[in-house]
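Notes for the one structure printed next.
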Amino acid sequence: MASILVFSERANLASELLGKAKELGGQMGLEVAAAAFNPADAEAYLKRSASKVFYSDQGEVKDFEASTYAQALAQIAHKAGASLILVGSTRRGKELAGRLAQKIQAGCLTDVKSVELKEGKVICVRNAFGGATEATQTITTQVQVIALMPRAYEPAPEGVKKGKIVTLQLDLKPSRVKVIKRSEKDAGAVDIQGAEILVCVGKGLARQEDLKMIEELAQALGGLVACTKPLATDLKWLPESRIVGLSGKIGKPRLALCLGLSGQVQFAVGIREAKTIMAINTDPNAYIFQITDYGLIADLHQVVPQLTAAIRG
C-alpha cells in the first residue's frame with residue numbers, strides 16, 4: 001500500500017508530523033509510515049498512529065549526517081512506497097529535505113506553514129518576500145518532499161499500538177563529510193521554537209545591564225527571553241540562538257510580549273502566529289502595534305519591574 005512517510009531528527013516534531021500525516025492519509029487513502037533510528041522513537045511512533053515504522057540501528061545512522069540520512073530515507077521511502085514525505089523544517093531537516101528530493105528526483109518545499117488537500121492536490125503555504133506575504137504552492141512530481149515548520153500542527157495523540165516495526169539493513173555508502181571537531185552549544189541557547197511564552201526585546205533597551213529585569217520578567221511568566229537581530233549580532237548582548245524572525249527562529253507561542261522593538265516584518269514573521277501578542281513601546285506609530293492584541297505606549301524600563309512585581313504578587 002502507498003504511504004505517507006514521516007521523519008524528523010526531533011521526536012517531538014515527528015509527533016506533530018504524524019498528526020498531519022494521519023489526517024492527509026485518511027483523505028488520500030495512504031498508509032502512515034515513519035522512519036526511526038533508535039528503538040525508543042520507533043515504539044513511540046507506533047503509539048502515535050504510524051501503521052509501520054521502518055527502523056535501522058546501523059552505525060552509520062547513529063549520528064545525524066545529512067547525506068547519510070538522505071541515503072537511508074531514500075531506501076526507506078522506496079520500501080514504504082511513499083508518494084508523500086514529510087520532514088521537519090529544522091536547520092538539519094531543510095538540508096535533508098533537499099538532499100533527499102534530489103536523490104529520489106522529487107519536488108521539494110521547505111519552511112511550509114500549512115498543508116491541505118484541495119481538489120486532489122497537496123497545497124502548501126509558505127512565507128514569501130521576506131515574510132511580507134504568503135505563497136500558496138504545490139509540487140507536481142509524483143513523489144513530494146515537504147518540510148513542515150515546528151508547531152504547525154498538534155502532535156498525534158498517543159493510543160494503542162496497532163502497527164508494526166520493520167527492521168531494515170540499509171545499503172549506505174560512507175559519508176564524504178569528515179567531522180573534524182564538535183563544539184558545545186552556547187550556554188544561552190534555548191528552544192525558542194518550542195516556547196509557550198516569549199519575552200522579546202529590541203534596541204529600545206537602554207543598557208545591557210537592563211537585561212536582568214527582562215530575565216526576571218520572563219522567569220515570572222515561565223517564559224524565555226528572545227531578541228531582535230541587532231541585539232545579538234550588532235550589540236552582542238544575547239547569543240544568536242535567541243534571535244526571532246527571518247534571521248533566527250520562528251515560534252508559535254501562546255504569548256509573545258514585545259518590549260522596545262519596532263516590529264518590522266523581518267522580526268514580526270517570527271511571532272505573528274502567536275495566540276496573543278502584547279507590546280510596550282514609547283513610539284505610538286511603531287509597526288508592532290499593527291499586529292498586537294494589546295499595546296501599551298510607555299517606557300519599558302518603568303513598566304517591566306511593575307509587571308514582574310504584579311505577577312509575583
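Remarks
- With the cut-off at under 17 Å, measuring from each backbone N in the stretch 206-249 to a point 7 Å along the Cα-to-Cβ line of Ser183 picks out 232-234, 236-243.
- Long-range Cα-Cα pairs in the stretch 138-194 (distance over 13 Å), rounded percent: 84
- Here the stretch 1-44 is scanned for amide nitrogen atoms under 18 Å from the site 7 Å beyond the Cα of Asp111 along Cα-to-Cβ, giving none.
- Between Gly59, Gly202, Gly26, the residue with the greatest mean-square fluctuation in the GNM of the chain (Cα pairs under 10 Å linked by springs) is Gly59.
- Cα principal axis extents for the stretch 3-167, largest first, Å: 42, 32, 26
- The chain, relative contact order [Cα under 8 Å, separation at least 6], %: 15
- Principal-axis tilt of helix 91-104 within the chain, Cα atoms, nearest 10 degrees: 30
- Relative contact order computed over the stretch 3-167 (Cα-Cα under 8 Å; 6+ residues apart), in percent: 31
- Here the calculated FRET efficiency for Val303 and Asp57, from their Cβ-Cβ distance with R0 = 51 Å, stands at 0.40, rounded to the nearest 0.05.
- Three-way shape call for the stretch 197-312 based on the alpha-carbon gyration tensor, with the a/c threshold at 1.5: rounded
- Convex hull volume per residue in cubic angstrom - Cα atoms of the chain: 152
- A DSSP coil position with no more than 11 other Cβ atoms inside 10 Å describes the following trypsin sites (Lys or Arg not before Pro) in the stretch 117-200: Lys162, Arg176, Lys178, Lys181, Arg182, Lys185.
- Neighbour-limited loop hits for trypsin sites (Lys or Arg not before Pro), the stretch 1-95 (at most 12 other Cβ within 10 Å; DSSP other than H, G, I, E, B): Lys62
Bear in mind that the values in this text are calculations on the coordinates, not laboratory data. If you're wondering where the values come from, they're calculated on a predicted model, not measured in any experiment. No Cβ is skipped: glycine too gets one built from the backbone with ideal geometry, and neighbour counts run over all protein chains shown.
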